[in-house]
Amino acid sequence: MKTVEDLRKLREEVQQMTKLRDGGAEVKIVVGMGTCGIAAGARETLNAFVQEIAVKSLSGVVVTQAGCVGLCDREPIVEVNAKDGRTIYARVTPEKARRIISEHVQGGRVIEDWVTRN
Amino acid sequence: MNLYRAHVLVCAGAGCVSSGCQDTQNALIDEIAKQGLDREIKVIETGCIGTCDLGPVIVVYPEGVFYRKVGADGAREIVKEHLLKGRVVNSLLYRNPLTSQLVQTYGEMEFFNRQLRVALRNTGIINPDVIEEYIARDGYEALARVLTTMSREDVISTLKQSGLRGRGGAGFPTGLKWQFAYNEAGPVKYVVCNADEGDPGAFMDRSILEGDPHTVIEAMAIAGYAIGSEQGYVYVRAEYPLAVRRLQHAINQARSYGLLGQGIFGTSFTFDLDIRVGAGAFVCGEETALIASIEGKRGEPRTRPPFPAVKGLWGKPTIVNNVETFANICPIIIYGPEWYSRIGTEKSKGTKVFAVAGNINNTGLVEVPMGMTLRQLIFDVCGGIPDGKEFKAAQTGGPSGGCLTKEHLDVTMEYDSLVELGSMMGSGGLIVMDENTCMVDIARYFLDFTQDESCGKCTPCRVGTKRMLEILERITAGEGQDSDIDTLMALANNIRTTSLCGLGQSAPNPVLSTLKYFRAEYEAHIKEKRCPAGVCQSLLSYNIAGAKCRGCGLCARVCPTSAIIGKPKEVYKIERNKCVKCGACVEKCPFGAVARA
Ligand SMILES: Cc1cc2nc3c(=O)[nH]c(=O)nc-3n(C[C@H](O)[C@H](O)[C@H](O)COP(=O)(O)O)c2cc1C
């Protein structure tokens, strides 16, 4: 490392390494990971969220998991907790996950078609 | 770089190492691989999280779920339940000792959410062996700014403005110390980090070196720039092998990244660091003895002045600062002296790390703003006294300090208020004592320590502490004499005023302060041959109360010397001449019939 710019460049690159531990997230995405959810592909969904957040370098967004919420027929279930409140999406595929990030989390528009109510 | 959805932090502070965190971590890693989660979940070995009595400790991010006492089986369960299925493992959660409620996350624990972590900002959060994790959290940014945008004078005036005072004991203003060394002529000067940490019960310096070694390296380089030094030494005791290993690893990394060595950040500034390992003697924490020890001489103190800032290591201008002092430097540079001086009180700025031990629910390391009251620290942050017992006293400043009593619970924890009460901040050791503690015995314990650690160079300390210890030993053995309190006071004042270094000057403090606040306890030992707290073995006698004894015979069965005689269903009796006062019968009796007086 020869210059201050080198340090700052490296910091940009490695920032993701500890970001998960910062806390203070504004948006929390919770993926249902009960047996039913996992069988329906919840892990792929979860990982799609993680990837997308990293690719877009979004800050203040965390992805966590929860157990079965009792809507097993509609898994993978994803809950988005943001300023606009709590939204529950059903049958979230990795493809849908990426759209939830761009339209809901970044754009602030709930995707009504995928919302489920219990 | 691989992207992980969860980070599992395994505390690998020395406390958790001794409670078996290595097995826990191995089990965790194996099970994660077995469940095919190893590309999604990262295991990070980190420094001391602070809750040392709860180890092995694991924290799962991003939720921040805090698990305690996690063995290998527990680790496997966390993987199968929490990491795979998102179900928190309740049986491994922490329970609030006061409300008995389960607490899920780190942030909800009183122990953590009352803390303000400046010196410990990275400890327990990053992997100390990975320099990138330090850099990700603004590591080496302070050094970068100092070298490229600040003059040496700027650095010193920033420190002065911040109000930072030394955390090693005396509380000397750090900026002023650096100024003195800056004023001296070069070219050769030294920066020394005091990591001797001899106060029994204090372990903040060890935890910082183990958990965030780069913060010390970076701050020492900043100090080097400010005073005009190219070489630093960290003096660590050999009893801290993990700290030495992690620090050496961090120094090597910093060198290979060009953060130590020649021309740092393309400037003309050169700085390097070496570790000096001490044998672990209390007196070697005293700065002039420490310097002698680094020079390869006997670790004995010398008179000051000249102070090390003028004539230190190898006769050259030297600053000696404590580990925790250094750990505060980078945040002051990054967030500014105004930010720092808003924390704390008028004369004690910033935060202080306390190592809390003794009769307390949450033992461990806590960092709180200066000026928090003793009551808040003990009862709010650390969960109060276990088993419904009463608070009796707290020792601050270790063997050089004194005790605070119930009347002092509302004292603010800062340098000057503690000195006013005859104690001191010291390095931040805090030993909490409940009603079953004998204050004469405590004074004896500390004197035993200082007497043993006295280097012997000056007479008052070498001989005086020995005489004081003898008197305390005889008082606790029931052989105290009427004149003993006066003799103790006279000796104490002599030793205090005539000893060569701080060790002797402060050694009588535990005696003086217990005499001041618990004189009646000394008198009970001397005049009535009685230990009111029921601690001093020679003064105790055991009796079975006839009214309470049901004649079950349990006491007779546990007695190791067959000193208890009697027949079932009749009142048992203790034979004095055989009784060794071990107390086994008291513990065993289901009816509370055995009295210790
Ligand atoms: C007997 C004795 C033991 C000491 N032990 C330590 C120690 O273990 N660590 C420490 O930092 N300072 C210790 N000190 C204080 C040092 O002499 C010195 O004041 C301190 O390292 C200065 O650093 P600071 O200004 O950053 O606090 C001790 C002093 C005495 C008299």
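Tally the residues that are outside any helix (DSSP H, G or I), within 8 Å of chain A (Cβ to nearest Cβ) and open to solvent by 30 Å² or more (accessible area, probe 1.4 Å), restricting the search to the stretch B:254-270.
1
Output the number of residues of the stretch B:91-117 satisfying the condition of being away from chain A (no Cβ under 14 Å) and either crowded, with 21+ Cβ neighbours inside 10 Å or more than 22 Å from B:Ala136 (Cβ to Cβ) (or both).
Qualifying residue count, the stretch B:91-117: 16.
Is there a residue in the stretch B:63-72 that is under 16 Å from A:Val63 (Cα atoms), open to solvent by 20 Å² or more (accessible area, probe 1.4 Å) and either at the interface with another protein chain (Cβ under 9 Å from one of its Cβ atoms) or aliphatic (A, V, I, L, M) (or both)?
Looking through the stretch B:63-72, at least one residue is under 16 Å from A:Val63 (Cα atoms), open to solvent by 20 Å² or more (accessible area, probe 1.4 Å) and either at the interface with another protein chain (Cβ under 9 Å from one of its Cβ atoms) or aliphatic (A, V, I, L, M) (or both).
What do you reckon, is B:Val192 free of Cβ contacts under 8 Å to residues at least 60 places away in the same chain, surrounded by 21 or more Cβ atoms within 10 Å (Cβ to Cβ) and in a strand (DSSP E or B)?
Working: free of Cβ contacts under 8 Å to residues at least 60 places away in the same chain: no; surrounded by 21 or more Cβ atoms within 10 Å (Cβ to Cβ): yes; in a strand (DSSP E or B): yes.
So B:Val192 does not fit the description; no.
Pick out the one residue from B:Ala477, B:Ala520, B:Ala563 that is surrounded by fewer than 17 Cβ atoms within 10 Å (Cβ to Cβ), over 18 Å from B:Tyr445 (Cβ atoms) and away from the ligand (no atom under 16 Å from the Cβ).
B:Ala520
Mind counting the residues in the stretch B:310-331 that are within 16 Å of the ligand (Cβ to nearest atom), farther than 28 Å from B:Met413 by Cα and in contact (Cβ under 8 Å) with a residue 24 or more places away in the chain?
Matching residues across the stretch B:310-331 total 5.
Every residue in the stretch B:191-205 that is near the ligand (Cβ under 8 Å from one of its atoms) and at positive phi, please.
B:Glu197, the sole residue that qualifies.
Based on this model, can you work out whether B:Met433 counts as closer than 25 Å to B:Val323 by Cα, away from the ligand (no atom under 13 Å from the Cβ) and either away from chain A (no Cβ under 14 Å) or touching a Leu at 6+ places or on another chain (Cβ under 7 Å) (or both)?
Here the answer is no, as B:Met433 does not meet what is asked.
Could you count how many residues in the stretch A:62-104 are free of Cβ contacts under 8 Å to residues at least 12 places away in the same chain and open to solvent by less than 40 Å² (accessible area, probe 1.4 Å)?
Counting residues in the stretch A:62-104 that are free of Cβ contacts under 8 Å to residues at least 12 places away in the same chain and open to solvent by less than 40 Å² (accessible area, probe 1.4 Å) gives 1.
Identify the residue in the stretch B:134-150 that is part of a helix (DSSP H, G or I) and open to solvent by 40 Å² or more (accessible area, probe 1.4 Å) and, among all such residues, is nearest to the other protein chains (Cβ to nearest Cβ).
First, pick out the residues of the stretch B:134-150 that are part of a helix (DSSP H, G or I): B:134-136, B:141-149.
Keeping just the survivors that are open to solvent by 40 Å² or more (accessible area, probe 1.4 Å) gives B:145, B:148-149.
Numbers: B:Arg145: 8, B:Thr148: 5, B:Thr149: 9 Å.
Per the criteria, the residue is B:Thr148.
Taking only the stretch B:125-156 into account, find how many residues are at pLDDT below 95 and within 16 Å of the ligand (Cβ to nearest atom).
Matching residues across the stretch B:125-156 total 0.
Restricting to the stretch B:157-175, give me the number of residues that are charged (D, E, K, R), open to solvent by 20 Å² or more (accessible area, probe 1.4 Å) and within 11 Å of the ligand (Cβ to nearest atom).
1
Assuming B:Gly280 fulfils every condition listed in (1) in the same structural domain as B:Tyr233 (by TED's automatic domain parsing); (2) at pLDDT 95 or above apart from one, which condition is it?
(2)
Give the stretch B:386-416 a look and list any residue that's open to solvent by 20 Å² or more (accessible area, probe 1.4 Å), out of contact with any Ser or Thr (no Cβ under 7 Å at 6 or more places or on another chain) and within 22 Å of B:Leu365 (Cβ to Cβ), or say none.
B:Pro386
Could you tell me which residue of the stretch B:78-90 is nearest to the other protein chains (Cβ to nearest Cβ), considering only residues that are under 18 Å from B:Gln25 (Cα atoms) and among the charged types (D, E, K, R)?
Step by step, filter the stretch B:78-90, then rank; the result is B:Glu81.
Of all residues in the stretch B:566-579, count the ones that are open to solvent by 80 Å² or more (accessible area, probe 1.4 Å) and within 50 Å of the chain's Cα centre (by Cα).
Qualifying residue count, the stretch B:566-579: 4.
Are any of the residues in the stretch B:225-234 more than 13 Å from the ligand (Cβ to nearest atom), in a helix (DSSP H, G or I) and not hydroxyl-bearing (Ser, Thr, Tyr)?
Within the stretch B:225-234 (the criterion being more than 13 Å from the ligand (Cβ to nearest atom), in a helix (DSSP H, G or I) and not hydroxyl-bearing (Ser, Thr, Tyr)), the answer is yes, since at least one residue qualifies.
Pull out all pairs, ordered by first then second residue, where Cβ-Cβ is under 8 Å, the residues are six or more apart or on different chains, the first lies in the stretch B:162-175 and is in contact (Cβ under 8 Å) with a residue 40 or more places away in the chain, and the second is among the aromatic types (Phe, Trp, Tyr) and more than 6 Å from the ligand (Cβ to nearest atom).
The qualifying pairs are B:Ser162/B:Tyr340; B:Gly163/B:Tyr340; B:Leu164/B:Tyr340; B:Arg165/B:Tyr415; B:Gly171/B:Tyr415.
So which helices (runs of 4 or more DSSP H) are wholly in the stretch B:498-570 and hold at least 1 residues that are within 27 Å of B:Asp452 (Cβ to Cβ)?
Of the helices (runs of 4 or more DSSP H) lying wholly inside the stretch B:498-570, those with at least 1 residues that are within 27 Å of B:Asp452 (Cβ to Cβ) span B:502-506, B:509-517, B:519-527.
Among the numbered criteria (1) open to solvent by 60 Å² or more (accessible area, probe 1.4 Å); (2) more than 16 Å from the ligand (Cβ to nearest atom), which single criterion is violated by B:Phe180?
(2)
When the stretch B:452-469 is examined, which residues are found to be part of a helix (DSSP H, G or I) and surrounded by fewer than 19 Cβ atoms within 10 Å (Cβ to Cβ)?
Matches in the stretch B:452-469: B:Asp452, B:Thr459, B:Arg462, B:Val463, B:Lys466, B:Arg467.
Could you say which residue among B:Gly426, B:Gly350 is touching a helix residue (DSSP H, G or I) at 6+ places or on another chain (Cβ under 7 Å), within 16 Å of the ligand (Cβ to nearest atom), within 23 Å of B:Met220 (Cβ to Cβ) and at pLDDT below 95?
After applying the criteria, what remains is B:Gly426.
Check whether at least one residue in the stretch B:37-59 is more than 25 Å from B:Phe203 (Cα to Cα), among the basic types (Lys, Arg) and within 10 Å of chain A (Cβ to nearest Cβ), and report yes or no.
yes
Take residues that are more than 7 Å from every other protein chain (Cβ to nearest Cβ) and closer than 30 Å to B:Phe265 by Cβ and tell me which of the helices (runs of 4 or more DSSP H) falling wholly in the stretch A:1-62 contain 3 or more.
Answer list for the stretch A:1-62: A:4-14.
Kindly indicate whether any position in the stretch A:6-22 is closer than 23 Å to B:Tyr134 by Cβ, crowded, with 19+ Cβ neighbours inside 10 Å and touching a strand residue (DSSP E or B) at 6+ places or on another chain (Cβ under 7 Å).
Yes, the stretch A:6-22 has at least one match.
Quick one: in the stretch B:280-309, of everything that is assigned to a loop (DSSP other than H, G, I, E, B) and within 8 Å of the ligand (Cβ to nearest atom), which residue is nearest to B:Ala195 (Cα to Cα)?
The qualifying residue nearest to B:Ala195 (Cα to Cα) is B:Glu286.
Which one of B:Ile343, B:Ile334 is among the aliphatic types (A, V, I, L, M), more than 16 Å from the ligand (Cβ to nearest atom) and within 14 Å of chain A (Cβ to nearest Cβ)?
So the residue among B:Ile343, B:Ile334 that is among the aliphatic types (A, V, I, L, M), more than 16 Å from the ligand (Cβ to nearest atom) and within 14 Å of chain A (Cβ to nearest Cβ) is B:Ile334.
With respect to the numbered conditions (1) in a helix (DSSP H, G or I); (2) under 27 Å from B:Ile49 (Cα atoms), which one is the sole condition not fulfilled by B:Asp154?
Every condition holds for B:Asp154 apart from (2).
The values are calculated or read from the model by the stated rules, or taken from the named source; none is laboratory data. If you're wondering where the values come from, they're calculated on a predicted model, not measured in any experiment. Neighbour counts are summed over all protein chains in view; Cβ atoms, including those assigned to glycine, are modelled from backbone coordinates with ideal geometry. Heads up: the accessible areas ignore ligands, DNA and RNA and are worked out on the full protein's heavy atoms, side chains in. Shrake-Rupley method; radii C 1.70, N 1.55, O 1.52, S 1.80 Å.
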